[in-house]
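Worksheet for the structure shown next.
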Amino acid sequence: MTVVAVLSMTMAFAEDENLNSTSSMQAYRMEVNYSKLGEALDLTIDQMEAVQDIHREFCANMMSVAAANEEARPSMMKNAINNNLRYMRMVLDRKQYKRYLLLLNTTLVNRGLI
């Protein structure tokens, strides 16, 4: 009976760890609805294509951050965000960039990443 209790407690603990890991990975998923982002930023067609390319790269970088060990995450995330912002700065005008900063910051804060 004790063995069964220990095994079931171990399985429950392992399941909880997997759920925490999955929810942690979900926080790093940065997919967005590009048409809504385009509306929010008032993007032209050319800007929309560039923003999609830049954001896809950002999504891939953030998934790499999620897969990294805890010690490497902060510097990797800082690099991913800085690269994303540098590229967006080249594509967006000042007003659009300020709105994008607000959206990105809000997203990162809401997900508990910063």
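The values are calculated or read from the model by the stated rules, or taken from the named source; none is laboratory data. What you are looking at is a predicted structure, and each value in this text was computed from that prediction instead of being measured. A quick note on method: Cβ atoms are made from the backbone with ideal geometry, for glycine too, and the neighbour counts reach across all protein chains shown. Surface areas here come from the heavy atoms of the whole protein model, side chains and all, with no ligands, DNA or RNA. Shrake-Rupley method; radii C 1.70, N 1.55, O 1.52, S 1.80 Å.
Let's see if you can work this out: charge +1 on each Lys and Arg Cβ, -1 on each Asp and Glu Cβ, no other charges. What is the dipole magnitude of the range 36-114 about its Cα centre, in debye to the nearest 20? It would help to have the intermediate numbers written out before the result.
On the way: 11 positive and 9 negative charges, 64 e Å.
In total the dipole reaches around 300 debye.
Could you work out the local net charge near E39, counting Lys and Arg as +1, Asp and Glu as -1, over the other residues with Cβ closer than 15 Å to its Cβ?
Values: positive: K36, K95, R99; negative: D42.
Taking every other residue near E39 into account, the sum is +2.
At a 1.4 Å probe radius, carbon and sulfur cover how many percent of the accessible area of the range 45-114?
On the way: 2330 of 4350 Å².
Ligands and nucleic acids excluded, carbon and sulfur give 54 percent.
Pulled fully out, how much extra length does the chain show between N69 and L108, if you take 0.36 nm times their separation in residues and subtract their Cα-Cα distance?
Values: separation 39, 0.36 × 39 = 14.04 nm, distance 1.89 nm.
Gain on extension, N69 to L108, equals 12.1 nm.
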